[in-house]
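The structure appears below as structure tokens.
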Amino acid sequence: MSEASTQITLIGTKLASIGMEFTFMGPTPECESCKLRNTCINLEPRRRYRVLGTRGELVHECPIHEAGVRAVEVAESPIIAAFDARKAFPGSKIVFEAMRCDNPECSMYDICHPTGLKDGERCTIVEVVGEAPEDCPRGHVLKLVEFRR
């Protein structure tokens, strides 16, 4: 999804503020019989999105969100992750591969395995943000990189 690609979806009214970021986790069993199902669950599961704007004031009832849902315009959020410093060049188009690590207890694990980006996906390195917050316990030299699918 490019920076200009936006979608209209429904989210909980308490989340419907410009700039709010969320990870869409997919439908729940309660969504199966909802008449708004196709509008509400039109995003890709396990992707991060940012609310760019709200659409109207109409609030729809929802079995999941107690205050209901409303229409918003969203776009995929950029993803910040730790990445091999030797391959971190702005503008590079790559096939993403997370750092090989089998220690989910590592303090760097989540930033090395970012939500919203899967192994094998094509993406662009938008910017090298800076140094990783810590040294990698396995000795990898890492930079913080902003990716966009």
In what sequence, highest mean first, do 139-146, 49-56, 97-104 appear when ranked by Cβ atoms within 10 angstrom? 139-146, 49-56, 97-104
P(r) for the chain: what percent of alpha-carbon pairs falls in each 5 Å bin, starting at zero? 2, 9, 17, 18, 15, 12, 11, 9, 5, 2, 0
Cα shape, the range 32-75, gyration tensor, a/c 1.5 rule: oblate
Please work out how much length the chain gains when fully extended from Thr54 to Glu21, using 0.36 nm per residue of separation minus the C-alpha to C-alpha distance, in nm with one decimal. 10.5 nm
Relative contact order, percent, of the chain when contacts are C-alpha pairs under 8 Å separated by at least 6 residues? 25 percent
Calculate the length of the line joining the C-alpha centroid of the range 1-64 to that of the range 118-136, in whole Å. 27 Å
Distant-in-sequence amide H partners of Ser92 (H built 1.01 Å from N, under 5 Å): Ile125
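Readers should treat all values here as calculations from the given coordinates under stated rules, not as data from a laboratory. Values in this document were obtained by computation on a predicted structure and should not be read as measured data. Don't worry about glycine lacking a Cβ; one is built from the backbone with ideal geometry, like all the others, and counts go over all protein chains shown.
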